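Presented below is the structure to which this report refers.
The values are calculated or read from the model by the stated rules, or taken from the named source; none is laboratory data. If you're wondering where the values come from, they're calculated on a predicted model, not measured in any experiment. Backbone-built Cβ (ideal geometry, glycine too); neighbour counts: all protein chains shown. Side chains are part of the model used for accessible areas, which takes the heavy atoms of the whole protein and leaves out ligands, DNA and RNA. Shrake-Rupley method; radii C 1.70, N 1.55, O 1.52, S 1.80 Å.
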Amino acid sequence: MIDTMHSELPSLFTFDQKQRNTLNVSGLAAYVQRPPRDRVGWIHVRQVWLPGWQPAKWAYEVQHIEVLLQSYEKVQRYEAEGLDYEPWEYLMLTQYSAFLTDQLASVESVFAQHMDRPEYVRHPDHVGWPYESPNEQLPAESWARWSLIRRAWVACLLSIQQQGMEVVWDTPGQPLHGRITRVGFGDFELTTVTAQHQLWFANRSEARLYQLEQEGSVEILWREPTTRIVVDAQTLPVWDDLQTQWFSLVDNEPGS
């Protein structure tokens, strides 16, 4: 749904012509001026095409993201070293929101909530924004949401491990029955009566994870969240490089 609420807010925070030109070509972004401790955040806007609207139209997609500073510094190191990596695997989101609007005033009012001066709003490359292409069709799922779903999967595995549940990892022709004994950054370990099996997060779309009930029924333990399901970044585990394990932000701070 196109946002209209933000456009009702009066604002003296306006983009100049150069910024408007940059927005139309490359998008705009800025650092959040006063993020919480050990965090870095951005506001980002880009034009996206909405073919499903009647009539189809261009609109602005505005995103607010905040990540753990530790994870952002790691991505910067990988970038400097020229490594082949997916930044949204490593960026540990602690806040994420997005909305669509066809009003530039709505965009400006959101930026104004997080910084004092419009001069801070620049080309995304100049403020370290994890880049997404402007002027494209709105994807069904943003990279930020993909990152959150990946961590929701981690939360599911950690819960199963903590409960000591016996589960079945069922891939075509190779069901494995055992307990999850380790959850790593991109893989987990399922221990059966005969062996330990290393399984990869990326293969979850090819498998079913379920528990067999005593009466023989099956309880599915993981379903990929649909776009209608809100995934709250603050409730999800984050990876701590210092401890090489997942932590809950609700109970712990990484590296503490």
Practice task
Could you name every one of the helices (runs of 4 or more DSSP H) located completely within the range 15-99 that has at least 2 residues being open to solvent by 50 Å² or more (accessible area, probe 1.4 Å) and either β-branched (Val, Ile, Thr) or farther than 18 Å from Trp143 by Cα (or both)?
Solution key: 17-25, 69-80
Problem - Conditions (1) open to solvent by 20 Å² or more (accessible area, probe 1.4 Å); (2) assigned to a helix (DSSP H, G or I); number of the one not met by Tyr131 - result: (2)
Practice task
Quick one: Ile229 ticks every box in (1) of a type in the set (A, V, I, L, M, F, W, C); (2) without any contact (Cβ under 8 Å) to a residue 12 or more places away in the chain; (3) within 18 Å of Gln163 (Cα to Cα) except a single one, so which number is it?
Solution key: (3)
Handout entry: Subset tally (residues that are at pLDDT 80 or above, loosely packed, with under 13 Cβ neighbours inside 10 Å and not charged (D, E, K, R)) for the range 215-225
Key = 3
Exercise for the section: Please work out if Leu83 is hydrophobic (A, V, I, L, M, F, W, C) and touching a Leu at 6+ places or on another chain (Cβ under 8 Å). Expected result: no
Exercise for the section: For Trp200, indicate whether it is surrounded by fewer than 15 Cβ atoms within 10 Å (Cβ to Cβ) and among the aromatic types (Phe, Trp, Tyr). Expected result: yes
Practice task
Give the residues of the range 36-56 that are under 26 Å from Asp240 (Cβ atoms) and of a type in the set (Gly, Ala, Ser), sorted by residue number.
Solution key: Gly41
Exercise for the section: Mind counting the residues in the range 172-181 that are open to solvent by 80 Å² or more (accessible area, probe 1.4 Å) and in contact (Cβ under 8 Å) with a residue 12 or more places away in the chain? Expected result: 3
Exercise for the section: Answer with yes or no whether Trp146 is touching a residue at least 40 places away in the same chain (Cβ under 8 Å) and touching a helix residue (DSSP H, G or I) at 6+ places or on another chain (Cβ under 8 Å). Expected result: yes
Handout entry: the range 139-169 - residue that is in a strand (DSSP E or B) and either more than 19 Å from Pro225 (Cα to Cα) or among the β-branched types (Val, Ile, Thr) (or both) and, of those, most open to solvent (accessible area, probe 1.4 Å)
Key = Glu166
Handout entry: Selected residue [within 19 Å of Val40 (Cα to Cα) and not hydroxyl-bearing (Ser, Thr, Tyr)] from Ala112, Ala195, Ala202, Ala155
Key = Ala112
